[in-house]
Every structure is written in C-alpha cells, then in structure tokens.
1. If you take the beta carbon distance between SER70 and HIS48 as r and set R0 to 22 Å, what does 1/(1 + (r/R0)^6) give as a FRET efficiency, to the nearest 0.05?
2. What ranking do THR31, THR83 get, fewest neighbouring Cβ atoms within 10 angstrom at the top?
3. Hey, which lysines would be in cross-link range of LYS101, C-alpha to C-alpha under 30 Å, not counting anything within fewer than 8 residues on its own chain?
4. Just grab the label-to-label distance for ILE63 and GLU107, each label 7 Å out from Cα along the Cβ direction, in nm (one decimal).
5. Can you give the extra length, in nm with one decimal, that the chain gains between LEU55 and SER23 once fully stretched, where that is 0.36 nm per residue apart less the Cα-Cα distance?
6. Can you tell me, using C-alpha contacts under 8 Å and at least 6 residues apart, the relative contact order of region 1-75 as a whole percent?
7. In nm, what is the difference between 0.36 nm times the number of residues separating GLN3 and ASN77 and their Cα-Cα distance?
8. Rank the residues CYS99, CYS79 as a footprinting-exposure proxy: fewest other Cβ atoms within 10 Å of their Cβ go first.
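Bear in mind that the values in this text are calculations on the coordinates, not laboratory data. What you are looking at is a predicted structure, and each value in this text was computed from that prediction instead of being measured. Positions of Cβ are generated from backbone atoms using ideal geometry, with glycine treated the same way; all protein chains shown enter the neighbour counts.
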Amino acid sequence: MGQKVRLKKGDTVLVLAGKDAGSKGKILKVTPDKGKVVIEGVNRVRKHQRPTRALPQGGILRIEAALDASNVMLVCNKCDRPTRIGIKILDNGDRVRCCKKCGEILE
C-alpha cells in the first residue's frame, strides 16, 4: 500500500515524469488502492479492440492509461502553479484541501 492519494476527479494536474512530462490535464479517474490516476489526453496508448456488437468494426483505439499518482502534481486554481496539497481544519471541524503556496482552499 502506497501513500494516501489526495487527488480527486476533476482536479487539474501537471505531469512531472514520463513521456508526457510537463503536460497539464484534468483527472478522469482515481484509483486510490493502486495509487493511480487517469488524466485526460495524457499517457495515450493503443488498444487493439476485437469487433463486438457495441463496436462492430473493431480496430485500434487510442485510450488514456493510468499514471502513478506520485508522478503528478496538483495545479492551484488561484495562483496557477503546481503545488503540494495541505489540509486545513475549518472552524466547524471540516477538513479541506488547501494550496501550500498561496493558502487557497481547493474544494
């Protein structure tokens, strides 16, 4: 079991490592038990699809594959810079994610 994944579906992230390093994208899917994320338009691979009723012609599809969550960094909405994620406790006791650089709440 790896570290806890603090990323959520819909977050904008920057890819730090791999063939797509430096590219930004929105998270489509998070798999916390495996520590993986799927990012829109990043880490596209070819998948050979056999003809089915849903896809009668079959063929070679280009789909997004999962990346390790440690290879991406969240981009803050306010300061538009990649940042680590901090946890802030509000007055009512709720825990929210916040930007470590500018202190903006990310929820």
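1. Numbers: r = 29 Å, r/R0 = 1.33.
The calculated FRET efficiency here is 0.15.
2. Working: THR31 12, THR83 20.
Lowest to highest Cβ neighbour count: THR31, THR83.
3. The qualifying lysines are LYS4, LYS8, LYS9, LYS19, LYS24, LYS26, LYS29, LYS34, LYS36, LYS78, LYS88.
4. Inter-label distance under the simple model: 3.4 nm.
5. Values: separation 32, 0.36 × 32 = 11.52 nm, distance 3.06 nm.
Here the answer is 8.5 nm.
6. Dividing the mean separation by the residue count of region 1-75 yields 32 percent.
7. Values: separation 74, 0.36 × 74 = 26.64 nm, distance 2.39 nm.
Residue separation times 0.36 nm, minus the Cα-Cα distance, leaves 24.2 nm.
8. Working: CYS99 21, CYS79 13.
Lowest count first: CYS79, CYS99.
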